[in-house]
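Visitor: So that we are looking at the same thing, I have put the structure below in structure tokens.
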Amino acid sequence: MVTLSTVLTCTICHASGRAHDTGLRTCEDVRHLGDYAVYRCEACGNAFTHPDLAPGAYELLPDATNDALSPVESRLLHWMMNRRIEKLQTFVGGRSARLLDIGGGACAFANAAAQRGYDVTVIEPNEKNRAYADAKSGVRFVADQFPGDLLRSNLLASSSFDVVTMWHSLEHTPQPAEVLTAIRTILKPGGILFVSVPNIDSLQARAGGNFWTYLDVPHHLCHFTPRGLEPLLRKSGLEVRHSFRFSAEYDLFGWYQTLLNVVSRSHNYFYNSRKKRRLDQSYLRFPTWTKLVTAAGPLILPFAAAAALIAYAANSPSCVEMIAMKELE
């Protein structure tokens with residue numbers, strides 16, 4: 001197959017040069033947003049969505065209300081959030097820490113962290129998600145983009161946070177290098193960033209193609225690779241201390257939803273129905289075949305588990321998850 005390329009400016013490394021068309025396009029569940037393509041930058045190895053998002057194309061949809069989750073879903077969510085915290089504990093220790101969660105969505109992680117003793121601030125652009133913040137546990141919710149004008153306020157003072165977390169939010173930012181530089185500014189010396197982003201070079205991404213669950217074009221403006229993210233962190237003044245090879249949260253679910261997508265030829269019906277309740281828009285009509293495949297989804301679980309094991313053995317996780325540290329001064 002011939003790979004098409006053109007001259008474009010990479011939104012991640014800002015290099016102007018040859019960019020290769022990956023063949024990835026707007027996901028089927030958001031076709032109404034227009035035609036977008038993913039190009040891989042020859043200079044940094046990451047990829048980016050082109051063209052720039054049109055005004056109004058970025059939908060900020062809140063998550064489903066907590067009381068809409070089934071008991072099984074609630075327990076599973078609680079388990080996953082605690083696994084995230086356990087990943088942090090090795091690097092943060094038992095001390096009380098100031099934590100900033102950027103792009104915190106419905107505050108599930110922020111609430112869990114606050115309940116474990118962290119001093120938590122959430123920055124989330126969707127004001128509707130404020131309702132989920134557990135104020136009783138001390139979670140502060142800021143409805144804004146990061147960094148925006150926040151660095152010029154008292155809210156994000158220089159060297160004021162022990163930990164910054166970005167759980168699948170960096171790929172939504174149009175200028176990730178600037179975001180990472182701002183994070184270094186607000187971290188204390190020795191402070192850490194935990195960043196998790198979809199891995200466009202993963203076995204899961206290659207198997208799913210345009211039906212990969214974590215593609216989400218055009219909402220994902222940037223598409224990272226392990227070899228592309230680490231230099232970006234280093235250039236921002238952060239040193240990678242650890243990379244994770246497996247995530248029960250993202251690898252297992254990612255394979256499950258991707259296999260459902262491939263078989264049903266639809267994008268993320270299960271996720272949209274359970275997490276976003278995004279099935280009542282006039283533009284979104286899933287066929288009966290998709291619903292039947294999803295209903296039979298438990299039959300796919302063994303295949304998803306086997307695929308996740310193979311990807312782990314091949315060191316090809318669905319997501320790039322790294323711990324990066326601001327050096328001691």
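Visitor: Within the stretch 133-149, does at least one residue satisfy the condition of being within 24 Å of Pro189 (Cβ to Cβ), over 22 Å from the mean Cα position of the chain (by Cα) and either surrounded by fewer than 19 Cβ atoms within 10 Å (Cβ to Cβ) or among the polar types (S, T, N, Q) (or both)?
Guide: no
Visitor: Which one of Leu180, Leu187 is more than 19 Å from the chain's Cα centre (by Cα), touching a residue at least 24 places away in the same chain (Cβ under 8 Å) and surrounded by 24 or more Cβ atoms within 10 Å (Cβ to Cβ)?
Guide: Leu187
Visitor: With (1) modelled with pLDDT under 85; (2) farther than 30 Å from Arg241 by Cα as the list, and Leu24 as the residue in question, which single condition is left unmet?
Guide: Exception for Leu24: condition (1).
Visitor: Let me ask you something else. What single numbered condition from (1) open to solvent by 10 Å² or more (accessible area, probe 1.4 Å); (2) at positive phi fails to hold for Cys107?
Guide: Of the numbered conditions (1) open to solvent by 10 Å² or more (accessible area, probe 1.4 Å); (2) at positive phi, the odd one out for Cys107 is (1).
Visitor: If a residue must be in contact with a strand residue (DSSP E or B) (Cβ under 8 Å, 6 or more places away or on another chain), farther than 19 Å from Thr173 by Cα and not in a helix (DSSP H, G or I), how many such residues does the stretch 197-211 contain?
Guide: The total comes to 1.
Visitor: Provide a single number: the residues in the stretch 27-57 that are assigned to a loop (DSSP other than H, G, I, E, B) and under 25 Å from Val179 (Cα atoms).
Guide: The total comes to 13.
Visitor: Which numbered condition in (1) open to solvent by 20 Å² or more (accessible area, probe 1.4 Å); (2) over 25 Å from Asn154 (Cβ atoms); (3) touching a residue at least 40 places away in the same chain (Cβ under 8 Å); (4) charged (D, E, K, R) is the only one that Glu171 fails?
Guide: With respect to (1) open to solvent by 20 Å² or more (accessible area, probe 1.4 Å); (2) over 25 Å from Asn154 (Cβ atoms); (3) touching a residue at least 40 places away in the same chain (Cβ under 8 Å); (4) charged (D, E, K, R), Glu171 is out only on (1).
Visitor: Within the set of pairs 6 or more residues apart or between chains, which connect a residue that is among the basic types (Lys, Arg) inside the stretch 9-27 to a residue that is surrounded by fewer than 16 Cβ atoms within 10 Å (Cβ to Cβ) with Cβ atoms less than 6 Å apart?
Guide: Qualifying pairs under 6 Å: Arg18/Ser5; Arg18/Glu42.
Visitor: Please go through the stretch 100-124 and pick out each residue that is among the aromatic types (Phe, Trp, Tyr) and not in a loop (DSSP other than H, G, I, E, B).
Guide: Within the stretch 100-124, just Phe109 meets the criteria.
Visitor: Quick one: in the stretch 84-104, of everything that is small (Gly, Ala, Ser) and under 20 Å from Ser169 (Cα atoms), which residue is surrounded by the fewest Cβ atoms within 10 Å (Cβ to Cβ)?
Guide: Only one residue tops the list, namely Gly103.
Visitor: Anything in the stretch 233-254 that is of a type in the set (Gly, Ala, Ser), crowded, with 20+ Cβ neighbours inside 10 Å and out of contact with any Asp or Glu (no Cβ under 8 Å at 6 or more places or on another chain)? List them, or say none.
Guide: Listed by number, the residues that qualify are Ser236, Gly254.
Visitor: Give the residues of the stretch 107-132 that are out of contact with any Leu (no Cβ under 7 Å at 6 or more places or on another chain), in contact (Cβ under 8 Å) with a residue 24 or more places away in the chain and either of a type in the set (Phe, Trp, Tyr) or within 17 Å of Ile85 (Cα to Cα) (or both), sorted by residue number.
Guide: Hits for the stretch 107-132 are Cys107, Phe109, Ala110, Asn111, Ala112, Ala114, Arg116, Tyr132.
Visitor: In addition: Just one of Leu88, Leu151, Leu156 is at pLDDT below 85 and under 24 Å from Glu327 (Cα atoms); which is it?
Guide: Step by step, each of Leu88, Leu151, Leu156 is checked, and only Leu151 is at pLDDT below 85 and under 24 Å from Glu327 (Cα atoms).
Visitor: For the stretch 214-232, indicate whether the set of residues that are farther than 19 Å from Cys41 by Cα, open to solvent by less than 10 Å² (accessible area, probe 1.4 Å), not in a strand (DSSP E or B) and not polar (S, T, N, Q) is non-empty.
Guide: No, that holds for no residue.
The values are calculated or read from the model by the stated rules, or taken from the named source; none is laboratory data. Just so we're clear, the structure is a prediction, and the values are computed from it rather than from any experiment. Backbone-built Cβ (ideal geometry, glycine too); neighbour counts: all protein chains shown. In case anyone asks, the SASA skips ligands and DNA or RNA and just uses the protein heavy atoms, side chains included. Shrake-Rupley method; radii C 1.70, N 1.55, O 1.52, S 1.80 Å.
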